[in-house]
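Okay, so here's the structure we're looking at.
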């Protein structure tokens, strides 16, 4: 799919230096990439155009000079090259965020919940300016899931195995799990629909935005999730609602978290 482009040409006075810093931060927050010194690029979208307009007005008001252009192509650059410019910058951002998640796996973190919420907001912010689906996002999500699974393991009941889940009474409900499900969550949803709640509806939400009326599964700190070495789909199989003759032939997932 071909894209048009927005180019913002900037000339900033040497002083005050705070104007340069403020403009650079705004451009970075918008997801703009530098074509060359003083020339910044965004895809031609309504929201991007409005943001560039606001920034241009601010720079003009503060003594700089800003010109906003709308172009169909950039000479001497093929469209895939421009797309890679955006993806490379986002991949750098995603790599830095993945490192911050990895640090949560080391040592004790007394404010782990607050840190996870902060990183989740940062991931959401990056996703909004990831115009061309940079590949680095998958690694961030993988590391985030590892942190969430570690958190869930830390909350396991202290003695013995986790008690059986009473799922038999849960009918015609909405069930919620994290976005972008992998194999364990897909298997868990199938088991819930097949053996627990035939009229189930499924939703996806981050841990800090769960719908109040939904039953969470395969998320950190919930009853229907990883417990010790048992993955969520294994716990569904062992729950009383699934412990029937028809469910004995249902597949049991690997206990490796996914």
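The numbers here are math on the coordinates, done by the rules we state, and not lab data. In this text, all values refer to a predicted model and were calculated from it rather than measured experimentally. Here the Cβ is made from the backbone with ideal geometry for all residues, glycine too, and neighbour counts use every protein chain on show.
The figures follow:
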quantity: Cα gyration tensor shape of the stretch 5-71, rounded if a/c is under 1.5, else prolate or oblate by comparing a/b with b/c; calculated: prolate
quantity: Cα-projected label distance for residue 199 with residue 122, points at 7 Å along beta-carbon direction, nm; calculated: 4.5 nm
quantity: Sequence of 138, 25 once ranked by neighbouring C-beta atoms within 10 Å, starting from the fewest; calculated: 25, 138
quantity: Cβ-based exposure ranking for 106, 193, in which fewest neighbours within 10 Å come first; calculated: 106, 193
quantity: FRET efficiency, 1/(1 + (r/R0)^6) with R0 45 Å, evaluated for residue 21 and residue 212 via beta carbons; calculated: 0.60
quantity: Fewest-first ranking of 11, 151, 177, using other Cβ atoms within 10 Å as the exposure measure; calculated: 11, 151, 177
